[in-house]
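Notes follow the structure.
The values are calculated or read from the model by the stated rules, or taken from the named source; none is laboratory data. Everything numeric in this text was worked out from a predicted model, so none of it was measured. Backbone-built Cβ (ideal geometry, glycine too); neighbour counts: all protein chains shown.
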Amino acid sequence: MIRLYAFVDGLRVLPSGLRLMRIHGVDAVAGEVRNCDDRLQAAVVHGRVVESLREQADALLPVRLGEDFVDEAALAIAVAPRAHGLRARLDDVRGCVEVGVRVVGDVSSPGEEPRDGASYMRMRLEPWRLRNALEESLHAPLERRARATRVAPFGAAPVMLEASYLVSAGAVEDFAGEAVELGSAWPRLSVTCTGPWAPYSFAEGEA
Amino acid sequence: MRDDPVLTKLLGSTGDLDGVARRAGGAVNAFPSRIGADPETVERGLAQLVLTLVELLRQLMERQALRRMDEGVLTDEEIERMGETFMKLAERMDELKAEFGLEDEDLNLQLGPLGSLL
């Protein structure tokens with residue numbers, strides 16, 4: 001049984017224990033499946049393999065955990081119909097990494113309980129407006145620096161904004177610097193910028 | 001805290017970093033939940049699925065209501081009536097979550113390439 005880790009282009013060094021397969025012009029990286037009952041541990045191992053590939057490739061599309069195949073022939077059969085789209089998406093992410101920005105904060109007043117329907121709606125409106133303001137003053141400037149973005153729909157406080165940005169690998173530090181600078185305008189909120197990650201959020205094209 | 005594998009990827013932050021670290025520890029919850037076929041757990045699994053869909057609808061309706069409220073197109077009476085409905089729905093959801101031993105983070109579905117439902 002083999003596990004598919006990623007599709008790559010311009011891979012400089014193949015990490016040990018992995019194999020590279022060319023399928024209709026697309027390079028797929030796979031490895032033997034190691035038995036692991038611990039899902040968290042399996043995810044960590046998978047993530048490390050993908051990260052090691054990211055450091056060695058010009059373009060990479062990570063594959064989610066658990067894409068296992070009986071052998072290389074079965075993998076080729078599964079990948080072949082998608083090869084054209086995969087080549088196009090590799091071009092989309094070439095030279096880029098994913099950077100995540102997460103804004104959290106409890107914007108409600110402690111112990112505050114709605115007395116009636118109108119007060120309930122007013123309490124919900126405050127985080128809603130804050131989210132809109134964050135989209136305008138924090139997300140929009142970052143979006144202009146990114147090649148593509150993915151923003152999670154607003155659910156409820158404390159997660160006020162969760163977004164992924166596809167950023168040129170050479171511009172990550174500047175991007176993070178701007179995220180922190182923009183975030184400092186919101187002292188009641190925590191703005192966290194993480195990365196660089198393999199472009200997980202952009203591997204499947206526009207959702 | 002710096003040894004946390006998530007925080008080794010920290011590029012920068014403002015505010016309560018300890019709070020971020022605590023939330024990062026909950027990353028294990030990101031794994032998709034499955035409905036167990038065990039008769040003892042199937043009821044809880046189905047309740048989780050149904051409540052997730054109810055929560056999705058509640059969020060969509062509430063977002064729409066807040067948008068209209070923010071635009072100033074709702075009367076005071078409409079705001080009161082909608083707020084009361086959402087408040088009662090939230091209370092009932094809390095009761096049902098408690099009954100089935102579910103937390104807020106249990107009410108979600110991983111949709112593969114589409115990301116998470118909520």
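Of all the numbered requirements in (1) modelled with pLDDT under 95; (2) among the aliphatic types (A, V, I, L, M); (3) more than 15 Å from the chain's Cα centre (by Cα), A:A140 misses one, and that requirement is (1). Taking each residue of segment B:60-75 that is within 9 Å of chain A (Cβ to nearest Cβ) and under 12 Å from A:R122 (Cα atoms) and looking for partners that are surrounded by 14 or more Cβ atoms within 10 Å (Cβ to Cβ) and among the aliphatic types (A, V, I, L, M) with beta-carbon atoms closer than 7 Å, six or more apart or interchain, yields B:A65/B:M82; B:L66/A:L125; B:M69/A:M121; B:M69/A:L125; B:M69/B:I79; B:D70/A:L125. Is it true that B:F31 is modelled with pLDDT under 70 and not charged (D, E, K, R)? Yes; evaluated as a whole, the condition is true for this residue.
For segment A:124-148, enumerate the residues that are charged (D, E, K, R) and at the interface with chain B (Cβ under 9 Å from one of its Cβ atoms). Before you say what the answer is, go through the steps one by one.
Step one: list which residues in segment A:124-148 are charged (D, E, K, R), which gives A:124, A:126, A:129, A:131, A:135-136, A:143-145, A:147.
Within segment A:124-148, A:R124, A:R129 meet the criteria.
Scan the strands (runs of 3 or more DSSP E) fully inside segment A:25-133 and keep the ones with 1 or more residues being out of contact with any helix residue (DSSP H, G or I) (no Cβ under 9 Å at 6 or more places or on another chain) and not hydroxyl-bearing (S, T, Y). Quick ask: steps written out before the conclusion?
Working: elements: A:26-32, A:59-62, A:96-104.
Output list reads A:26-32.
Only one of the numbered conditions (1) closer than 18 Å to A:R124 by Cα; (2) without any contact (Cβ under 8 Å) to a residue 24 or more places away in the chain; (3) surrounded by 12 or more Cβ atoms within 10 Å (Cβ to Cβ) is violated by B:L89, and that is (2).
Going by the conditions given, is A:M121 facing chain B (nearest Cβ under 7 Å), out of contact with any Cys (no Cβ under 6 Å at 6 or more places or on another chain) and closer than 30 Å to B:G72 by Cβ? Yes, satisfied.
Residue-by-condition table, conditions (1) in contact (Cβ under 8 Å) with a residue 12 or more places away in the chain; (2) outside the structural domain of A:L11 (by TED's automatic domain parsing); (3) aliphatic (A, V, I, L, M); (4) surrounded by 21 or more Cβ atoms within 10 Å (Cβ to Cβ):
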{"position": "A:V104", "(1), (2), (3), (4)": "yes, yes, yes, no"}
{"position": "A:R115", "(1), (2), (3), (4)": "no, yes, no, no"}
{"position": "A:M121", "(1), (2), (3), (4)": "no, yes, yes, yes"}
{"position": "A:N132", "(1), (2), (3), (4)": "no, yes, no, no"}
{"position": "A:P158", "(1), (2), (3), (4)": "yes, yes, no, no"}
{"position": "A:V172", "(1), (2), (3), (4)": "yes, yes, yes, no"}
{"position": "A:A176", "(1), (2), (3), (4)": "yes, yes, yes, yes"}
{"position": "A:G183", "(1), (2), (3), (4)": "yes, yes, no, yes"}
{"position": "A:P187", "(1), (2), (3), (4)": "no, yes, no, no"}
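Return the total of residues in segment A:149-165 being more than 18 Å from A:A203 (Cα to Cα) and more than 10 Å from every other protein chain (Cβ to nearest Cβ). Steps first, please.
The first filter runs over segment A:149-165 and keeps only residues more than 18 Å from A:A203 (Cα to Cα), leaving A:153-161.
Still in the running and more than 10 Å from every other protein chain (Cβ to nearest Cβ): A:157, A:160-161.
Total meeting the criteria: 3.
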